[in-house]
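Data block below; observations after.
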Amino acid sequence: MTTSDPAPAPARPADPAAGTPAVAVAARDLRWLVVGAGGMLAHDLLDVLRGRSASVVAAGRAELDVTDPDAVAAAVRDVDVVVNCAAWTAVDDAETHEAEAFAVNATGAALLARASAAAGARLVQVSTDYVFDGRATSPYPEDAPLGPVSAYGRTKGAGEWAVRAEAPDHLIVRTAWLYGAHGGCFPKTMARLAAERDELSVVDDQVGQPTWTHDLADLVVRLVEAQAPAGTYHGTSSGQTSWFGFTRRIVEGLGVDTRVEPTTSEAFVRPAPRPAFSVLGHDALRAVGVEPIGEWDARWEVAAPAVLAGEVA
Ligand SMILES: NC(=O)c1ccc[n+]([C@@H]2O[C@H](COP(=O)([O-])OP(=O)(O)OC[C@H]3O[C@@H](n4cnc5c(N)ncnc54)[C@H](OP(=O)(O)O)[C@@H]3O)[C@@H](O)[C@H]2O)c1
């Protein structure tokens, strides 16, 4: 594990479940543990936290395997907030390795939840649009019934259930269509292909909300700082587009003349089915006075230089 700014232990935040009026708390006055610290979202979360002078322990997989109960219990001692960014994210591989994916996404989440509750720490569990069936036609509210259509979605849904059952002081933050500077992601792949080819065919029948990991990291910190009540929140950009629409925007910004053509999911079959409609609503954020992330296209304009300059994975 690596630590930065080992500040003295701050006062514990108010307990929203106890009916204490929520009073904002600064990130720098809390002790944070970021689990799965080697991942794409965790990189940006660590940047945001360090930018706010927070006391943060970064635990990558080598330092903390979330499937190890003793290691998990030891790691959450003496922290105020645990953010679980660890996950089995290989969506297609999960179809043939569901037990291994379950061990990380569900059992790992359950162990972190139990340990966080015992230690009196707040747990932020990052979840996904894949817990839904993708058959909706309007944005999914936070309390919509789960109906995952893939093994990955089932394991993440089980992780949510475990966190609700084990850790009363939880924030489940569902996200989707993440891209970031520190990892392989859709815009980097499209930018590479656009440089190599005259034409790209991209599916136009899956819609969602492209979301920058930096924006999600900032939202997680703002939720904690606002002492948002325990519950489920949606951490995606506003608006919606298809992968085709997103690719057109990416290619436009590159200044290349690669043509982008729409295609269908049927023409581009993957091992794991993808939800066709992955648009998440943000009413729970608004209800607690936390501003949702802005429109996906405006956020992409801001993010593109940093993301496309990031390491190619
Ligand atoms: N990427 C997306 O589009 C997307 C969409 C919706 C939701 N999410 C959710 O967002 C969160 C962050 O995703 P991300 O894109 O940042 O994922 P990521 O880059 O794949 O990072 C996940 C991290 O978890 C680590 N990990 C795997 N097994 C572990 C274990 N047993 N113990 C500890 N760490 C372990 C991985 O380490 P190794 O690399 O060593 O395996 C990796 O560093 C996840 O909860 C994911 O489900 C992502």
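Values in this text are rule-based calculations from the coordinates and carry no lab data. Just so it is clear, the model here is predicted, and its values are computed rather than measured. Virtual Cβ from ideal backbone geometry, glycine too; neighbours counted across all protein chains shown.
Got a sec to turn the phi values of region 83-89 into Karplus ³J(HN,Hα) couplings, 6.51 cos²θ - 1.76 cosθ + 1.60 with θ = phi - 60°, whole Hz, x for Gly and Pro?
Taking θ as phi minus 60°, the curve returns 10, 8, 9, 6, 6, 7, 10 Hz for region 83-89.
Given 37 °C and 0.692 mPa s, compute D for the chain with the Stokes-Einstein relation, Rh being the Kirkwood radius over Cα pairs; round to the nearest whole µm²/s.
On the way: Rh = 19.8 Å.
Once the numbers are plugged in, D ends up at 166 µm²/s.
How many nm is it between the label spots at Arg270 and Val256, if each spot is 7 Å from the Cα in line with the beta carbon?
Distance between the two pseudo-spin positions: 2.1 nm.
Binning at 10 angstrom from zero up to the longest distance, how are the C-alpha pair distances of region 158-235 distributed in percent?
15, 34, 29, 15, 7, 0
Go ahead and set up a Gaussian network model of the chain, Cα springs under 10 Å, then flag whichever of Leu200, Leu216, Leu41 fluctuates most.
Leu200
Could you pull out every residue, at least 5 positions away or on a different chain, whose amide H is within less than 5 Å of the one on Ser127? Hs are placed 1.01 Å off N in the peptide plane, and Pro or chain starts have none.
Under 5 Å from the amide H of Ser127 lie the amide H atoms of Val173, Arg174, Thr175, each far enough along the sequence or on another chain.
So for Glu63, Glu266, fewest C-beta neighbours within 10 Å to most, what's the order?
Glu266, Glu63
What's the percent breakdown of Cα-Cα distances in region 161-313 across 5 Å bins, shortest bin first?
2, 9, 17, 19, 19, 15, 9, 6, 3, 1, 0
Pick from Gly239, Gly51, Gly208: which residue has the top mean-square fluctuation in a GNM of the chain where Cα pairs under 10 Å get a spring?
Greatest mean-square fluctuation among the candidates belongs to Gly51.
Sort out for me the Cα centre separation of region 116-143 from region 20-84, rounded to whole Å.
18 Å
Where the centroid of each part is defined by its Cα atoms, how far is region 195-210 from region 264-313 in Å?
That distance is 14 Å.
Calculate for the chain the 222 nm mean residue ellipticity that helices alone would give, adding -39,500 (n - 2.57) per DSSP H run of length 4 or more and normalising by residue count, nearest 500 deg cm²/dmol. Each step should come with its number before you reach the end.
Working: 11 runs with 111 residues, N = 313.
For the chain, the value works out to -10500 deg cm²/dmol.
How big is the dipole moment of region 146-188 about its Cα centre under a simple scheme where the beta carbon of each Lys and Arg is +1, that of each Asp and Glu is -1, and everything else is neutral? Debye, nearest 20, please.
On the way: 5 positive and 3 negative charges, 45 e Å.
Charge dipole, region 146-188, about its Cα centre: 220 debye, nearest 20.
If you take the charge dipole of the chain about its Cα centre, with +1 on Lys and Arg Cβ and -1 on Asp and Glu Cβ, which of Val91, Ser116, Val220 is farthest toward its positive end?
Comparing the listed Cα positions along the dipole, Ser116 ranks first.
Label-point separation (nm) for Arg222 and Asp78, each offset 7 Å from Cα along Cα-to-Cβ?
Those two pseudo-labels are separated by 3.3 nm.
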